[in-house]
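What follows is one structure encoded as structure tokens, with my remarks underneath.
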Amino acid sequence: IEATINRDFSVSHKITLIFEGLVSNIEYNFPSEIYGLKVSNEYGDTSCSPETGVMGTKIKCSVKTDSNLANRTQIEMKFNTTDSVKKAWGNYRFESSYSVSMPVDFLTVLVYLPPTAVLASSDPSESYFPEEGKTLTDGRHILLYWEKELVASTEDIKFAVMYVLPGEPADATNFIVTLLAVIALIAIMGVGLF
């Protein structure tokens with residue numbers, strides 16, 4: 001799983017599913033509405049359609065893998081979301097949940113923060129969940145990386161990251177408080193002069 005947080009607070013997701021053996025149908029559930037779905041099959045053809053419902057989006061795929069090319073199925077899904085990043089206490093919080101409907105031997109998750117973003121806390125481990133993640137960089141982005149082995153089909157896989165964007169304009173509430181303080185100061189000076 002790769003999730004890239006964009007400057008406009010949308011998130012680009014890339015999910016690669018690798019199955020041992022050949023698979024003909026796949027259903028993948030994502031907990032929010034998605035758009036811009038693109039799917040590719042490393043060893044054949046795949047057609048997918050997203051169905052949005054109350055519980056998020058169900059991606060249904062029909063898979064045709066050429067058994068002469070491989071003895072496995074490898075599907076890559078790319079899509080975007082607009083509701084994965086929320087602002088909280090002057091920080092931004094990315095939170096996403098990835099469903100697992102069958103046992104997974106090995107899972108990796110990589111989250112790219114926007115360029116110039118930094119983790120919200122001076123102690124990096126307080127800025128992301130699960131805590132066993134690692135921080136990396138590609139020279140342009142801070143990356144958060146997790147690995148898990150033997151994930152059960154009943155396990156809910158959630159990831160969260162708190163970050164800030166240095167140099168961002170102050171919140172509207174900070175502006176209003178500053179404006180009220182300046183008005184009060186001018187009023188006090190006016191009364192003093194009078």
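The values are calculated or read from the model by the stated rules, or taken from the named source; none is laboratory data. As the structure is a computational prediction, the values presented were derived from the model and not from experiment. Methodologically, a virtual Cβ is constructed for each residue, glycine included, from the backbone with ideal geometry; neighbour enumeration extends over all protein chains shown. Quick note on the areas: whole protein, heavy atoms, side chains included, nothing else; ligands and nucleic acids left out. Shrake-Rupley method; radii C 1.70, N 1.55, O 1.52, S 1.80 Å.
In table form, for the structure just shown:
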{"item": "Any hit, the range 73-92, residues being of a type in the set (Ser, Thr, Tyr), surrounded by fewer than 19 Cβ atoms within 10 Å (Cβ to Cβ) and farther than 24 Å from PRO166 by Cα", "result": "no"}
{"item": "Per-region count, the range 96-109, residues surrounded by 15 or more Cβ atoms within 10 Å (Cβ to Cβ) and either modelled with pLDDT of 80 or more or part of a strand (DSSP E or B) (or both)", "result": "6"}
{"item": "Which numbered condition ALA3 misses (of (1) at pLDDT 85 or above; (2) under 16 Å from ILE157 (Cβ atoms); (3) not in a strand (DSSP E or B))", "result": "(3)"}
{"item": "Boolean, VAL63 is β-branched (Val, Ile, Thr), assigned to a loop (DSSP other than H, G, I, E, B) and either buried (at least 16 other Cβ atoms within 10 Å of the Cβ) or free of Cβ contacts under 8 Å to residues at least 12 places away in the same chain (or both)", "result": "no"}
{"item": "Filter result for the condition that a residue is open to solvent by 90 Å² or more (accessible area, probe 1.4 Å), within 23 Å of LEU110 (Cβ to Cβ), in a strand (DSSP E or B) and not acidic (Asp, Glu), over ILE18, ILE26", "result": "ILE18"}
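Conditions tested, residue by residue: (1) open to solvent by 50 Å² or more (accessible area, probe 1.4 Å); (2) hydroxyl-bearing (Ser, Thr, Tyr).
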{"residue": "SER125", "(1), (2)": "no, yes"}
{"residue": "PHE129", "(1), (2)": "yes, no"}
{"residue": "LYS134", "(1), (2)": "yes, no"}
{"residue": "ARG140", "(1), (2)": "yes, no"}
{"residue": "TYR145", "(1), (2)": "yes, yes"}
{"residue": "VAL151", "(1), (2)": "no, no"}
{"residue": "PHE159", "(1), (2)": "no, no"}
{"residue": "MET162", "(1), (2)": "no, no"}
{"residue": "PRO166", "(1), (2)": "yes, no"}
